[in-house]
Amino acid sequence: MFAHPLDDSAELRPLEPWRAAEFADYCVRDLPNLSPWLPWAEKMVEVDAARDWLRLFAEGTAADGRRIFGIWDAGKLVGGTMFRTFETRFATCEIGVWLAPEAGGRGLITKAAGHMIGWAVEERGINRVEWRCEPANTRSAAVAERLGMTREGVLRGAFPTRGTHVDVELWSLLADEWRARA
Ligand SMILES: CC(C)(COP(=O)(O)OP(=O)(O)OC[C@H]1O[C@@H](n2cnc3c(N)ncnc32)[C@H](O)[C@@H]1OP(=O)(O)O)[C@@H](O)C(=O)NCCC(=O)NCCS
């Protein structure tokens with residue numbers, strides 16, 4: 001019902017709990033692309049788990065906290081974005097993203113994340129937007145760089161995944177930097 005166009009055929013919309021089956025189906029299709037970087041994807045192939053997770057985001061939205069969005073291309077769910085955190089008390093948030101390879105190379109994620117940053121900064125008074133990725137995830141880091149973010153450094157052993165604790169790159173963009181680019 002409420003959609004933001006990303007190009008001629010793709011759009012960003014809220015990903016609500018009633019879309020759990022569609023989200024689970026997307027996670028099944030795109031698991032090889034997602035699971036190396038996003039451990040939650042393996043659980044979301046089950047519709048009930050997907051619904052429970054989307055409900056947490058719906059509750060987050062109601063509490064003005066975390067939010068989740070989907071990217072549909074020609075009516076098919078091909079990816080998504082989230083405010084993994086959204087903290088108006090501190091004027092900070094963190095964005096997360098994922099996209100099926102067949103929808104890549106068009107800047108859909110950069111445009112979706114840019115729209116989220118514009119809303120967070122201009123409408124909600126967010127001052128600091130964060131982005132976290134593993135150092136080996138060069139495609140994710142490339143989006144952060146394309147958005148004008150600064151790589152602040154590496155949080156050592158900060159993310160438990162694949163039976164170990166991996167390093168995490170921390171990127172950020174401040175409101176003034178966003179406005180200067182706009
Ligand atoms: C990270 C991920 C979402 C990036 O997707 P992506 O398609 O590379 O990112 P974008 O949609 O912004 O597209 C960028 C590409 O479109 C191109 N592009 C075309 N038009 C563009 C435009 N108007 N604006 C920006 N980029 C544009 C860019 O040059 C770039 O091309 P490249 O693939 O040759 O480098 C994707 O690789 C993914 O889902 N990975 C698995 C999950 C994951 O790692 N998530 C992040 C965890 S931290």
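Tabulated results
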| quantity | calculated |
| --- | --- |
| Flag if Gly104 is within 6 Å of the ligand (Cβ to nearest atom), at pLDDT 95 or above and over 17 Å from Val168 (Cα atoms) | yes |
| Residue match in region 61-82 (condition: closer than 25 Å to Leu174 by Cα and without any contact (Cβ under 8 Å) to a residue 12 or more places away in the chain) | yes |
| From Leu173, Leu77, residue being under 26 Å from Phe23 (Cβ atoms) and not in a loop (DSSP other than H, G, I, E, B) | Leu77 |
| Evaluation of Pro39 against (1) under 17 Å from the mean Cα position of the chain (by Cα); (2) surrounded by 16 or more Cβ atoms within 10 Å (Cβ to Cβ) (one fails), failing number | (2) |
| Residue in region 100-114 that is surrounded by fewer than 15 Cβ atoms within 10 Å (Cβ to Cβ) and hydroxyl-bearing (Ser, Thr, Tyr) present | no |
| Region 118-142 residues that are over 15 Å from Met82 (Cβ atoms), paired with ones that are in a loop (DSSP other than H, G, I, E, B) and within 9 Å of the ligand (Cβ to nearest atom) (beta carbon under 6 Å, 6 or more apart) | Asn137/Trp37 |
| Test: residue in region 118-136 that is more than 13 Å from the chain's Cα centre (by Cα) and near the ligand (Cβ under 9 Å from one of its atoms) | yes |
| Pairs where the first residue, in region 29-42, is over 18 Å from Glu102 (Cα atoms) and of a type outside the set (Gly, Ala, Ser) and the second is more than 6 Å from the ligand (Cβ to nearest atom) and in a loop (DSSP other than H, G, I, E, B), C-beta under 6 Å, 6+ apart | Glu42/Ser35 |
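The values are calculated or read from the model by the stated rules, or taken from the named source; none is laboratory data. Note that the coordinates shown come from a computational prediction; the quantities given were computed from them, not determined experimentally. Don't worry about glycine lacking a Cβ; one is built from the backbone with ideal geometry, like all the others, and counts go over all protein chains shown.
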